[in-house]
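Nothing in this text is a laboratory measurement; each read-out follows from the coordinates by a stated rule. A quick note: this is a predicted structure, and the numbers were derived from the prediction, not measured. We place every Cβ from the backbone using ideal geometry, glycine too, and count neighbours over all the protein chains shown.
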Amino acid sequence: MSKYLCNTSQHLRALVVAIIAFTFMALCSGSTAKAAETGVKGLRVIIDGQSTYYETTDKTVGEFLAGENITVSEEDIINVDMDAEITSSMRIVIDTPFEVLVSVDGGEYKSVETNEDTIGKLIVQLRNDDEDTDYRTTEGVSSSTKLEPGMTVDLVSVTAKTFTKTETIPYETRTVDSDEYYIGETHIAQEGSDGEKVITMKSVYVGGELTETYSIDSNVVKLPVEKIVENGTKKPEPEPEIKAETDVIDAVSDKGFSYSSVITMSATAYCPCSACCGSNSNGITASGIKACYGVAAVDKRVIPLGTKLYVEGYGYCIAADTGSAIKGNRIDLCYNTHYSALHSGYGHTPVKVYILD
Ligand SMILES: [Zn+2]
């Protein structure tokens, strides 16, 4: 029995729910139908954040606002056109600008019209007015601080300046081996030259003071040219062994040779090349013998040609050549190669010259 009653009440409850639901649906569709018939539309108008619900049969936004005595001035910002058609659940947002007093970098306060609600958005507005300048809030002031009409806002300007500067790219020096030149000789195969680059720099000023400068672009306008130095690897031709003076003097004594006199002369070195003897040189000495190691050029008024000599550090030689610069107490000692002459160690060096008998 109780089970039956229970079932009955469940059926009844379901029936009641169904009736309520049906009635509600009927009412809803009825009111929608009524709104459609009469043209009544619900909408919200939000003025400076204040929201109000309206119902209207007006066709356009302009008609509706005029009917409600809501004036929209030229400075006001409205999110819809005045002649836009009113639709159900429309939201008309009207923001009236207000005045705040803005001081930049501690300067005097100037009036700025805005309808933004925070300092951060005011900064965006100011930045849009002048793209070259950005702003920050002063220390301890949040950019989310709410703006109120008439309030003072202190800002710090952030500006950037770009400029270019030219920098030198120093050339590098490369050394290469060359068997065209003797060991110890160097030759410049290519002169180096510096390159150039133009760097675009950016300086940032905060509150009018320079805070940082950094490069934003770099452009090489001239490439450096490397200097190439050739390092001689050519081995000098072997020279006859030069005996020490004492050995020679001993040898002279041993062989019964003796010397008549010793003169201290200023010694230089040369070879038969055109650099040493001029471009017309044929390698033949004034006395007609070939210029080679063992030949000395002298002033024949001091030492007659054909005189056998012993020169300290050089060895035996014969006075067989002359030279335009070889005057008086000068002696020019011949070597087989230019390299050997260069490295002989004689450069107007005082030497003892033994005049052999
Ligand atoms: Zn030479």
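Kindly state, as a whole number, the per residue volume in cubic angstrom of the convex hull around the alpha carbon atoms of the range 245-356.
Looking at the range 245-356, the number lands at 95 Å³ per residue.
If the only charges are +1 at each Lys and Arg Cβ and -1 at each Asp and Glu Cβ, what is the size of the charge dipole of the range 41-95 around the Cα centre, to the nearest 20 debye?
Using Cβ point charges on Lys, Arg, Asp and Glu, the range 41-95 gives about 340 debye.
Would you grab the residues whose amide H sits under 5 Å from the one on THR118? Only those 5+ places off in sequence or on another chain, please, with H modelled 1.01 Å from N.
LEU147
So what J values fall out for the range 108-122 if you push phi through Karplus, 6.51 cos²θ - 1.76 cosθ + 1.60 with θ = phi - 60°, rounded to Hz, Gly and Pro as x?
My calculation for the range 108-122 gives 5, 6, 10, 6, 10, 8, 8, 10, 7, 9, 9, 4, x, 6, 4 Hz in order.
How far apart, in nm, are the 7 Å Cα→Cβ label points at THR118 and THR71?
3.3 nm
Of all GluC sites (Glu not before Pro) in the range 91-143, which ones are in loop regions per DSSP and have a Cβ with at most 16 other Cβ atoms within 10 Å?
On the way: sites: GLU99, GLU108, GLU113, GLU116, GLU131, GLU139; in loops: GLU108, GLU116, GLU131, GLU139.
When the GluC sites (Glu not before Pro) of the range 91-143 are filtered for loop state and at most 16 Cβ neighbours within 10 Å, GLU108, GLU131, GLU139 remain.
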